[in-house]
Amino acid sequence: MDEVFTGNFTQQEPIPEPAIEAAVRVMRHGRLHRYNVVEGEISETALLEQEFAAFTGSAYCLAVASGGYALATALRALRIGAGDKVLTNGFTLAPVPGAIASVGAVPVFVEVTDNLVMDLDDLRAKIGQARVLMLSHMRGHLVDMDALMALCDAAGVQVIEDCAHTMGAAWNGQASGTQGVIGCYSTQTFKHLNSGEGGLLVTNNAEVMARATMLSGSYMLYDRHIAGAPPETFTDIRLDTPNCSGRMDNLRAAILRPQLAELPARCQAWNQRYRVLEDGLRNIPGLSLIKRPGPEDYVMSSFQFRLPDMARDRLQHFIAATAARGVELKWFGADQPVGFTSRHDSWRYAPAQSLPQTDRVLASLLDLRLPLTFSLSDCAQIARIIADEAIKHS
Ligand SMILES: *Cc1c(COP(=O)(O)O)cnc(C)c1O
């Protein structure tokens, strides 16, 4: 009898008790709106911003309604608007091209490499087309950030980092999201902190932070931020910037603060699970692991591998066989988008672009979630099932 995995790939951990207690305190006093404070009180949202700025080593932080909203706000704060082109990854999640489209801008997709990072040769070829790059650290894989920043700095291209999958990660010891001018994060349930929905934006640029703050819907209450831009930055910005309401509220911030304190331990727990899978799938003929660059401190809450030589119909059969044994693999190569796995050619609001290398990589790419509710022995079992079916289908 073949072994079958019975765990649930979408089951998160419960919200920690101190976070539940903090949420109940907010509900008891009733001041859920971030600017609803009593004399001398600093809101949970403002405290979260201060703590996240410190966590990333950034001067400023703004908490907002979602990761996608943070990305759109970042574009607006750099004054990207209708008709502007924005460079971005050909392989990313739909909210990234969606944020670009939401400000009327046009995505220019850059190819992905076999190791799932932006192809710097393709970026070099396209860099003259835009003044902003929205770089998505898709599935937690960091591109050579030194090379990328050198290329963008030389071309005068500003970098917005989508860190939905790299919260807690670092490049050469510097927090992911702080190499570019703006870093954006998500606190949606499937990311590294869980408030259901939510987003964070960090920058060291006071004007950018002032614009983002006004955009998020601060009214004239921006002095209630403690990790915000200095008041004098707002003199003109407060009148020149539209209010595109998308604040975070104190209930979510209350849930997030205790989780942020636990984040380093959680990152280690994810990486332990990741390494069990990596070890279990090393040296399987036909199965390629993703190579990791030395300067990268990753946080892997998911796992990817490729079966580059397996024919398409064999691959589909392999996916069905692993699913029958309880292992849910996501495939970015299907003809139609399923669940979260849409692809550049499913984003028909953007001009169609030829990305042969990305198409080739995605056709062989398999992806799975690693929720912390999985034990290390669960991960070893998942690896055994994948290895067994990969060998049977090779
Ligand atoms: C989840 C996600 C986002 C957006 O986050 P939301 O909070 O869901 O809006 C952006 N980029 C990537 C790669 C994501 O996975």
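Each value in this text was obtained by applying a stated rule to the coordinates, not by laboratory testing. Predicted model, so just to flag it, every value in this text is computed and none were measured. Neighbour counts run over all protein chains shown; Cβ positions are idealised from the backbone, glycine included.
Things worth noting here:
- Our coupling estimate for the stretch 143-159, obtained by passing each phi through the Karplus curve with A = 6.51, B = -1.76, C = 1.60 and θ = phi - 60°, is 6, 4, 5, 5, 5, 5, 5, 5, 5, 5, 4, 5, 8, x, 9, 7, 10 Hz, Gly and Pro reported as x.
- Using alpha-carbon coordinates, inclination of helix 250-281 to the longest axis of the chain, degrees: 20 degrees
- Net +/- balance of residues flanking Ser218 in space, Cβ distance below 11 Å, scoring K and R +1, D and E -1: +4
- The chain, helix-only ellipticity at 222 nm - DSSP H runs n ≥ 4, -39,500 (n - 2.57), divided by all residues, nearest 500: -12000 deg cm²/dmol
- Simple spin-label estimate for Leu221 and Leu376 in nanometres, 7 Å along Cα-Cβ: 4.8 nm
- Free of any trypsin sites (Lys or Arg not before Pro) that DSSP assigns to a loop and that have at most 13 other C-beta atoms within 10 Å, the longest stretch within the chain is 80-281.
- Added length on full extension, which subtracts the Cα-Cα distance from 0.36 nm per residue, Ser245 to Ala320: 22.6 nm
- Here the extension length gained between Gln357 and Gln336 equals 5.7 nm, from 0.36 nm per residue of separation less the Cα-Cα distance.
- Helix 206-216 and the longest principal axis of the C-alpha atoms of the chain enclose an angle of approximately 80°.
- Longest exposed-site-free window of the chain, the sites being GluC sites (Glu not before Pro) in a DSSP loop that have at most 13 other C-beta atoms within 10 Å: 42-394
- Report note on the peptides 6-16, 98-108: ranked by the mean count of other C-beta atoms within 10 Å, highest first, their order is 98-108, 6-16.
- Convex hull volume per residue for the chain, taking Cα atoms only, in Å³: 135 Å³
- Extension gain for Asp2 to Ala150 (0.36 nm times residue separation, less C-alpha to C-alpha distance): 48.2 nm.
- With neighbour counts taken as other beta-carbon atoms within 10 Å, the residues Cys152, Cys163, Cys244, Cys61 rank, fewest first, as Cys244, Cys152, Cys61, Cys163.
- Sorted by Cβ neighbour density within 10 Å, fewest at the top, the residues Thr113, Thr187, Thr322, Thr203: Thr113, Thr322, Thr203, Thr187
- Cα long-axis angle, helix 17-29 against the chain (0 to 90 degrees, to the nearest 10): 30 degrees
- Cα-centre dipole for the chain with unit charges at Cβ (Lys and Arg positive, Asp and Glu negative), debye to 20: 480 debye
- Scaled against the 2.2 N^0.38 Å expected of a compact globular protein of N residues, the Cα radius of gyration of the stretch 262-393 reads 1.11.
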